[in-house]
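Structure record follows, encoded as structure tokens.
Just so it is clear, none of the values below were taken in a lab; they were calculated from the coordinates. Here the structure is a predicted model, which means the values were calculated and not measured. No Cβ is skipped: glycine too gets one built from the backbone with ideal geometry, and neighbour counts run over all protein chains shown.
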Amino acid sequence: MNWLRNSPIRVSLRGRGTTSSPPKECDPAACFDSFKHHWQQAQNIINKIQGGTEGATQDDILSVVNNLDQMQTLLVLELKRGGREERACLDFLLSQSILDQLLTSSSLTGLYSNILRLEQLKVYEMLLTHAPQQQLLLTQEPFLRPLLRLLTSCINECFPADIEKRLILLLNQLCVCLTHNPEYLDLFFTESTGPGRFVIFSLLVPYVHREGGVGHQARDAMLLCLGLSKKNEALASYIADKSNVCPVLATGLSGLYSRLPRKLLIESEEWHCFTPDDVIELPELTHFLASLEFCNAVVQVAHPLVQAQMLEFVHHGFLVPVVGPALLQDSEAFSIASSDPTVQRNMVDELVTSTAYLELFFRSISEPGLLKVFLRFIVVDHYDGERVIDKLISRLSGKTQLCMVTISLFNTLIGLHCEDVMLELVFKYLTCCTHVMLSQRKRIKDMDVYCRSAERLLALSVAVPRRRKTNSSSSSAGSLSSQSSQSLRHVSLHGDFGAYLVTARASIAATWLACGAWTHAYDGESPPPRTALVLPTDSNRNLAQKATEESLASVSSGYHSLQPDSEVREDSPLVTNRSSAPSFHSTPDIGPFLDLLLRQLENMMTNSVYLNLQLTGLISRLAAFSQPLLLSLLLNHSLVFQPSVRSLFQVLGSLKQRLDAYLSRHDNVEELLLEARLFLVCREESLANAKRHPHEPAASTYAPSTNGGSRRGTSIADSSFKGEAKRLSISSALSVLKRATQGAFSPVREQPAIEYSANGFRLAKRAENSELKNVVLCAVLFDEWLKELAALALEHGSE
Amino acid sequence: MPRSPPKRLAHSLAMDSSFSPIEEEEPEAVAEPLKRQGSVRKVLPATPGVPDPAKLVERTNSLPGIRSTSQYGPYFTEYSLLPEYNMLQGCAIPGVYCVPAANTPLMWFGVIFVRQGPYVGGVFRFNIVIPENFPDGGCPKVEFQSKLFHPQISPEGDFNIGRGFSEWNKNMHHIWQVVDYVRKSFLKIDPGQPVNEEAAKMYKMNHEKFMAEAKKCVSLSIQRIYDLSPTDDPHYISFEPFDSKTHESLREKIYSQESSSEDSRGLSWVASNSIKPFSVPISGVIQNSS
């Protein structure tokens, strides 16, 4: 059967003729002869085809392909052998214009033209791969001319997968080559490709949303082109003015967004944001994020001209028409108020989803330009007189999923450390200093030198009532063994206090660094209080009020049916009217954002533990800012505020009183506290363990290599799993959702949260105890949070 | 009981500190074999770092409760001292270097390079000993390790800090002021209320002889500059003769640190004369397409 090995049939079967590969040490002269011979044979057939009338047969094409394959093998051998003087085959290829002849013939082969096209793509790819100085090839007319003609002929063509693959590979190679040798870029702007046309880029655009390896390679190549555009005006203006890449990308985002699930099946009360695992489970979302990250990369590398156009299209082609309506579908402009509970429920579910998407987007982008477009869209853009941010703030009240995801979104927004966002949410209301008693204003900048604030915070710790005397038998049977209760007594969720300090220090330092480029100091002097905006404070109050009413009316489904619809309808236009007429009300306030957060905090005892985790985490994040106006409001125990202003200390103080009073009315609180603590500790540990082996998240392909990574992760993986530092913070560590843990620790309110099967301890009277359990969990969290705040106060004081 | 918080203070301080082990002075004197100078052992508390809780409970405090009784006491001490040290660093008092001991935040090692006055050229070591319930326990003590003949320094080395700070007012007084007071006491000799009568008398009666005694202290301090550390505390300030092989790279690093400014990052589009978000005029770079 030996004869079969060299038979053309077999070669054609395998598609690529590598069977008769000559030995490595073959004679160059013999190789050259063989090369010429193969070309002769191929040329004969080509001539026959060109001269003949019948056109090419399958045998003809097969024979040409086989000969070309042999020639390629010989060329590779020659190029690999190195030695500049011995490039007989290559020289022959160029001097005989073989590439030109192939191109001409392929256009005559009719049905089989794609086969020859594929073969040519392979030749170019091989030459670029193996030629020792590939860039010199580009200067060779017999190489470049047919290459450009071939590429131009590919425009607007639809190819089978194998040709697409080869074409994109070749384009990618060319881009790499040009990136290394940008001086040859002009060679690709020739008359033959059309005036001012950059054929490589035009060919890449259709593949930009393609999934899989081809799309990946095309996007890579495109980024290289965009990078080249930074230094080449001709290329930049071609991409910006003549290519349609920006609209293609922006509308691509819109298209992919519309394919995302509009409602999520949220199984857990705890869920508040997308984890990498969630993303992996939603292929549409994965696809969307890849596209968004690509846009981020485009903005990062491209010429300012292209960048500006890209941002413009993202704004007008994606954010305004697609994301805006998704976020605002509950407002009058976008929906007809409906009294149907299912419609309401659906709408709220969709709002939860779109809010969570937005939060994820903010974690996925890192380019300042792109971030600015997203942030401006939230803060500045109006939809029928309503801004997205006002709507989002109004959703901070309530006890629903929507509130959870909204808090999570604000957490991410504040984590951007963007001055404009903080100005809008917080400082706008504080710079005028009217929230502080006049006599106290110069104390805003005071540092807490001797730890008094931390002392006060720690003193707010919940008083554990002494266990009442019960029958010794029942207490020993029904409770934990004394040994384990001993060991638990000192269990802190966060290790010792020192760990809180380390976390606080890191968080304050990171925040301080990230605010390095801020314009104002927000210390009561800069900006000067008198230049502060005169705010129609009345409308803010109304916003907060309205939010509370709205959440009662529409969000919690139990209430809304009781509320007459007309009332809500009447209310809304009224509010709009009032806010549009500037009222110079003198009641000082701290703005709707802080106001709603503190209100929400007052409800801590009835909030779910998960909501409390989110809420306390957000306030802790705010407390890491060093700007005196905010710091004094949150952590200065002795500053005297206007009576209308609620301070964090006030809220904490009243919470402590209520917690103490509540717990003192119940038996066995000490035990329950230990159990709650154990529950939270176990939960934290299982979260930490789960995180140790997370799904390997798809690393951001287009992650910027130079910067950005340190300040803020560019991929979802970064922002969700920051490793040790993040793990140390209780609020964040406890709040990360892992589905793996859901079975083991079910939500508190429905079932007995804490079961010690070993000790046989169970909560007997479930319904009656569920409230108590929630309060106990709240007390534990409250205590730990006080430590976190005290640590922040200490670290601020020692700066 | 929390895990040795004082250690953390010491480390964090050492990191923040601009203290440099290299001084410009390079005394030619050859190091004598180890000579313990007594008082160092005396000032180290029996159990370094953690104040005896029993003692803490007894102490009266302006805010009884947390600070005195709980596990947080040591943290509060530490965090009351951190700003003190930061202030001292900020003052950059000429010729004086201080670093808290690694084992306790309550003792700071110090060394003063006297640049003028009767003691010019002297390199004197001292310890600042801070009361356990700082800022409430009165004035920190300053104890000199170097032998000094000075009206305000007792023969045992205790500096008469009470002369400057009769009563410690925590709202007015800070440790940097103590250090600066000590520095000034070497420039202009104050013979009033002396703790070394002989020195005071000599300063007033026989100025020449006093100057000679001061010179003696200077040369003695130079002779002992390379003495081995009398304590095993790693933050004790010790000196080595300058050796370009070991020290040159470090010195370059210190000098180069000053010039390299941190590239401040952050997001802000707020114009300097505005308090409106996104008030920076749209620049040609970000958005110039119409």
**OP:** Return the FRET efficiency for the residue pair B:Thr246, A:Thr179: r is the Cβ-Cβ distance, R0 is 60 Å, and the value is rounded to the nearest 0.05.
**Re:** 0.85
Subject >> Order of A:Phe159, B:Phe113 under a 10 Å beta carbon neighbour criterion, fewest first >> reply: A:Phe159, B:Phe113
**OP:** Could you calculate the FRET efficiency of B:Ser229 with A:Asp277 from 1/(1 + (r/R0)^6), where r is the beta carbon distance between them and R0 is 60 Å, rounded to 0.05?
**Re:** 0.65
Original post:
Can you pick out the pairs among B:Lys141/B:Lys215; A:Lys48/A:Lys122; B:Lys147/B:Lys204; B:Lys215/B:Lys253; A:Lys242/A:Lys263; A:Lys165/A:Lys230 whose Cα atoms lie more than 32 Å from each other?
Top reply: B:Lys215/B:Lys253; A:Lys242/A:Lys263
Subject >> Distance in nm between pseudo-label sites at A:Asp384 and A:Ala30 (7 Å out along the Cβ direction from Cα) >> reply: 8.4 nm
**OP:** Would you kindly state how much longer the chain becomes between A:Met605 and A:Lys80 on full extension, computed as 0.36 nm times their sequence separation minus their alpha carbon distance, in nm to one decimal?
**Re:** 181.5 nm
Original post:
Could you give the length gained on full extension between A:Glu525 and A:Asn346, defined as 0.36 nm per residue of separation minus the Cα-Cα distance, in nm?
Top reply: 59.6 nm
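At R0 = 35 Å, how high is the FRET efficiency between B:Asn171 and A:Gln650 if r is their beta carbon distance? Nearest 0.05 is fine.
On the way: r = 26 Å, r/R0 = 0.73.
Plugging the Cβ-Cβ distance into 1/(1 + (r/R0)^6) gives 0.85.
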**OP:** Using the Karplus curve 6.51 cos²θ - 1.76 cosθ + 1.60 with θ = phi - 60°, work out ³J(HN,Hα) for each residue of segment B:165-177 in order, rounded to whole Hz, and write x for Gly and Pro.
**Re:** 10, 4, 9, 7, 9, 5, 7, 10, 9, 9, 5, 4, 5
**OP:** Just subtract the alpha-carbon distance of A:Gln40 and A:Gln135 from 0.36 nm times their residue separation and send over the number in nm, one decimal.
**Re:** 31.4 nm
Original post:
What's the exposure ranking of A:Thr353, A:Thr129, A:Thr286, going from fewest to most Cβ atoms within 10 Å?
Top reply: A:Thr129, A:Thr286, A:Thr353
